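Worksheet: one structure, shown below.
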Amino acid sequence: MASRVIIGSQWGDEGKGKTIDIYAQKSDVVVRSQGGNNAGHTVEADGQVYKLHLIPSGILNPETVCVIGPGVVIDPKVILEEIDSLEARGVTTDNLKIDPRAHVIMPYHIELDGLSEAARGKTDIGTTKRGIGPCYMDKSERSGIRICDLMDSNLFTQKSLRNLELKNKIITLIYGGKALDDSFIKEYLGYADRLRKYVEDTTCLVYDAIKAGKDVLFEGAQGTLLDLSIGTYPYVTSSYPISGGVCIGAGIGPTMIDECIGIAKAYTTRVGKGPFPTELFDEIGDTIREKGNEYGTTTGRPRRCGWLDAVILKFSVRTSGLTSLVLNKLDTMSGLETLKICTGYKKNGEIITEFPASLEELALCKPVYEEMPGFNEDVTGIREYDKLPENAKRYVERIEQLCDVKISMIGVGPGRDQNINR
Ligand code: GDP
Ligand code: IMO
Ligand code: MG
């Protein structure tokens with residue numbers, strides 16, 4: 001029995017949902033601890049595809065308790081739509097628990113996300129426009145509205161009206177937008193009635209589960225390089241996707257975590273703006289996008305694609321204390337004549353192997369590649385490591401060597417069973 005953290009090691013979309021669903025089948029509790037419906041986690045099980053944004057990817061297992069912890073920001077409309085769509089497909093959500101401390105995404109947050117992005121012009125972040133940043137801003141500013149407030153109609157009305165007055169000033173006077181009316185309050189109180197049955201102090205639930213020796217899985221959202229503190233700031237999200245963020249977002253202590261598993265793709269992708277040293281602008285990039293179906297789960301935007309960057313993975317191993325790595329989408333690499341791994345960056349003639357803090361410095365960096373012969377075989381049906389083509393194994397083992405981490409599982413397709421355990 002163990003408590004495991006699963007995080008994204010690149011810029012998100014590494015296949016966390018798929019891997020979490022696999023681990024969830026033997027977990028008692030699955031916990032989302034940060035982010036909101038900017039996340040899009042895909043699970044393919046029994047021929048069905050599920051795209052989850054807020055509800056933990058353990059939900060397909062009715063025995064698993066699924067927790068939305070204090071650090072998550074919740075759009076009540078979106079979570080209810082997700083609940084309804086799962087129930088309509090025969091998936092029970094009776095095992096869902098929502099922490100009363102989680103913050104609520106309000107209509108003015110969504111409005112402000114769009115307006116601030118438009119005002120940034122060419123320097124926009126490329127956010128998902130789901131109101132995530134503005135909601136976390138209110139949380140830090142200490143004016144946010146939490147699920148426990150939403151459960152109290154008087155308090156919710158009072159706080160909403162107070163915030164709306166100020167937000168409308170910002171919307172109209174600063175951004176030249178149109179003021180919002182207060183009709184959302186009634187709408188949100190309707191959502192509150194439906195959400196009430198899920199609300200429970202999840203910090204106690206998670207603590208008790210770990211103390212009782214149960215299997216607890218923390219479902220990361222986004223990825224290391226999108227971390228507010230250590231990512232490619234300001235082209236990041238507004239929360240902490242690294243393993244340390246789990247403690248803050250779930251309300252547990254670091255001594256309660258046994259393993260930290262990083263998820264990576266066999267290449268690199270990014271949605272939204274911001275630096276991406278190994279990005280490909282050629283046919284190979286297009287081939288990876290098409291073969292890997294690299295289009296955003298949340299926004300449908302085409303994902304930027306590039307070679308695997310070992311500098312980034314090493315950074316993730318270090319900053320999250322990863323105990324192992326899962327390498328997904330090895331199947332997508334089949335058919336490429338040459339595989340390239342970025343082993344360092346060349347900056348003004350000097351080779352650096354640590355990811356720089358400053359974007360200005362990063363802009364001067366050119367990736368240094370190590371080339372390896374590719375493989376042509378279809379690997380989607382392979383379940384044993386030894387049966388992989390020699391060149392695929394060499395690629396996997398070189399990544400392990402460069403990043404100083406064990407690759408414990410390899411994804412060879414989107415299905416639940418399309419994995420190689422090592
Ligand atoms: P997440 O945000 O990390 O959960 O990842 P997404 O669901 O946004 O994107 C990952 C995509 O890759 C999804 O469409 C998955 O079904 C798919 N996927 C995951 N692992 C594999 C794999 O090993 N091979 C292939 N071909 N697809 C995979
Ligand atoms: P999952 O959990 C990929 C990116 C956005 C944008 C930046 C800020 O599916 O891996 P935000 O709306 O959070 O303020 O946008 O972060 N982003 C993601 N990219 N996967 C995600 O989640 C993401 N969540 C946010 O594209 O660049
Ligand atoms: Mg995703």
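The values are calculated or read from the model by the stated rules, or taken from the named source; none is laboratory data. From a predicted model like this one, the values you see are computed outputs, not experimental measurements. Ideal geometry is used to build each Cβ from the backbone, glycine not excepted, and the neighbour counts take in all protein chains shown. SASA here: full protein model, heavy atoms, side chains in, ligands and nucleic acids out. Shrake-Rupley method; radii C 1.70, N 1.55, O 1.52, S 1.80 Å.
Which length gain, in nm to one decimal place, applies between LEU364 and LEU161 when the Cα-Cα distance is subtracted from 0.36 nm times their residue separation? If you can, show how the numbers build up before the last one.
On the way: separation 203, 0.36 × 203 = 73.08 nm, distance 4.83 nm.
68.3 nm is the gain from fully extending LEU364 to LEU161.
For LYS178, which lysines qualify as cross-link partners when the Cα separation must be under 18 Å and same-chain residues fewer than eight apart are set aside? Within reach: LYS129, LYS167, LYS169.
Counting only C-alpha contacts under 8 Å and six or more residues apart, can you give the relative contact order of the chain as a whole percent?
Values: 947 pairs, mean separation 84.2, N = 422.
About 20 percent, as a whole number.
What the Cα atoms of the chain give is an Rg and a Dmax of 21.5, 66 Å.
Rank ASP193, ASP99, ASP13 by mean-square fluctuation in a GNM of the chain with C-alpha springs under 10 angstrom and give only the top-ranked residue. Highest fluctuation among the options: ASP193.
Is the range 305-379 best put as rounded, prolate or oblate by its Cα gyration tensor, with a ≥ b ≥ c the root eigenvalues, rounded for a/c under 1.5, and otherwise prolate when a/b is larger than b/c, oblate when not? Judged from the Cα gyration tensor, the range 305-379 comes out oblate (a/c at least 1.5, b/c at or above a/b). Using Cβ point charges alone (K and R +1, D and E -1), the dipole size of the chain about the Cα centre works out to roughly 680 debye. Net length available on complete extension from ASP182 to ARG89 is 30.1 nm, with 0.36 nm assigned per residue and the Cα-Cα distance removed.
With viscosity set to 0.890 mPa s at 25 °C, what whole-number translational diffusion coefficient in µm²/s follows for the range 103-194 from Stokes-Einstein and a Kirkwood radius over Cα pairs? Mind showing how you got there, number by number?
Working: Rh = 13.6 Å.
Answer, rounded: 180 µm²/s.
At an R0 of 41 angstrom, the distance between the Cβ atoms of ASP286 and GLN25 translates into a FRET efficiency of 0.70.
Add +1 for every Lys or Arg and -1 for every Asp or Glu among the other residues with Cβ under 14 Å from the Cβ of VAL368, and state the total.
Result for the local shell: 0.
Charge tally for VAL326 (other residues, Cβ to Cβ under 13 Å; Lys, Arg +1; Asp, Glu -1): +3. Of all the options THR172, THR269, THR278, the one that moves most in a Gaussian network model of the chain with Cα springs shorter than 10 angstrom is THR172. In order along the range 83-90, the phi-based Karplus estimate (6.51 cos²θ - 1.76 cosθ + 1.60, θ = phi - 60°) of 3J(HN,Hα) comes to 4, 4, 5, 5, 4, 5, 9, x Hz; Gly and Pro are listed as x.
Compute the Cα gyration tensor for the range 1-110, then decide on rounded, prolate or oblate, letting a ≥ b ≥ c be the square roots of its eigenvalues: rounded whenever a/c is under 1.5, prolate when a/b is larger than b/c in the other cases, and oblate in all that remain. Rounded is the answer for the range 1-110, as its axis ratio a/c remains below 1.5.
Share of carbon and sulfur in the accessible area of the range 9-157 stands at 49%, probe radius 1.4 Å. Largest GNM mean-square fluctuation across ALA266, ALA392, ALA119, computed for the chain with C-alpha springs under 10 Å, falls on ALA119.
Other residues with beta-carbon under 14 Å from the beta-carbon of ARG142 carry, at +1 per Lys or Arg and -1 per Asp or Glu, a net charge of +2.
One Cα centroid belongs to the range 81-104, the other to the range 158-210; the line between them spans 17 Å.
Note on the chain: helix-only mean residue ellipticity at 222 nm, from DSSP H runs of 4+ residues weighted -39500 (n - 2.57) and normalised by residue number, equals -9500 deg cm²/dmol.
Compute the accessible area per residue over the range 45-108, keeping the other protein chains in place, probe 1.4 Å, unit Å².
Values: 2060 Å² over 64 residues.
Ligands and nucleic acids excluded, the figure is 32 Å² per residue.
For the range 263-421, the per residue solvent-accessible surface stands at 43 Å², with DNA, RNA and ligands left out and a 1.4 Å probe.
Cross-link check: pairs LYS291/LYS340; LYS159/LYS197; LYS159/LYS186; LYS291/LYS329; LYS18/LYS273; LYS265/LYS393 evaluated at a Cα-Cα cut-off of 20 Å; pairs beyond the cut-off: LYS159/LYS197; LYS18/LYS273.
Would you mind getting me the FRET efficiency between LYS122 and ILE352? Use the beta-carbon distance for r and R0 = 25 Å, nearest 0.05.
Plugging the Cβ-Cβ distance into 1/(1 + (r/R0)^6) gives 0.35.
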